[in-house]
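Shown next, in structure tokens, is the structure this report addresses.
Here, each number is a calculation from the coordinates, and none is a lab measurement. All of these numbers come straight from a predicted model, not from anything done at the bench. Virtual Cβ from ideal backbone geometry, glycine too; neighbours counted across all protein chains shown.
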Amino acid sequence: MTISNYRATEALYLIIVRDKNAEQLLKDWARSSNVHASIENNRMKLFEQRGLTLFQMNWSHDWNNVTIWDCWKRQHIGTH
């Protein structure tokens, strides 16, 4: 099994968006970015580093409403 074919079963990152339309914003972003994610309410679980990188590069909404949690290191990732 190569790294490119591997899919984690546990989330690597948890992204929380505080917005009344958060779920739809996250779903739209994941679909347009072609990212494997699990979205529930205002939380998006990412299973690959690529997803986090794309999110950090392409999220076009208010960054003040975003919290990113690294599930493995158990710490927040700065968004600014």
Checklist outcome for this item: Once amide hydrogens are built 1.01 Å from N within the peptide plane, the residues lying 5 or more places from C71 or on another chain with amide H under 5 Å from its amide H are Y13, L14
Item to check | Rounded tilt (10° steps) of 49-58 against the dominant C-alpha axis of the chain | outcome: 30 degrees
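Give, as a single signed number, the net charge of other residues whose beta carbon lies under 10 Å from the beta carbon of N42, with Lys and Arg counted +1 and Asp and Glu -1. The partial results should precede the final answer.
Details: positive: R18, K20, R43; negative: D19, E23, E40.
Value of the local net charge: 0.
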Checklist entry - Could you give me the ³J(HN,Hα) list for segment 61-75, computed from phi with Karplus coefficients 6.51, -1.76, 1.60 and θ = phi - 60°, whole Hz, x at Gly and Pro? => result 9, 4, 6, 5, 9, 10, 10, 10, 10, 8, 5, 7, 7, 6, 8
Checklist entry - Which of the lysines could be linked to K73 by a straight reach, that is with a Cα gap under 18 Å, when you skip same-chain ones fewer than 8 residues away? => result K45
Checklist entry - Taking Cα atoms, how many degrees apart are the long axis of helix 22-33 and the longest axis of the chain, rounded to 10 and kept between 0 and 90? => result 50 degrees
Checklist entry - Ordered by packing density, taken as the mean number of other Cβ atoms within 10 Å over each peptide's residues, highest first, how do 26-33, 59-66 rank? => result 26-33, 59-66
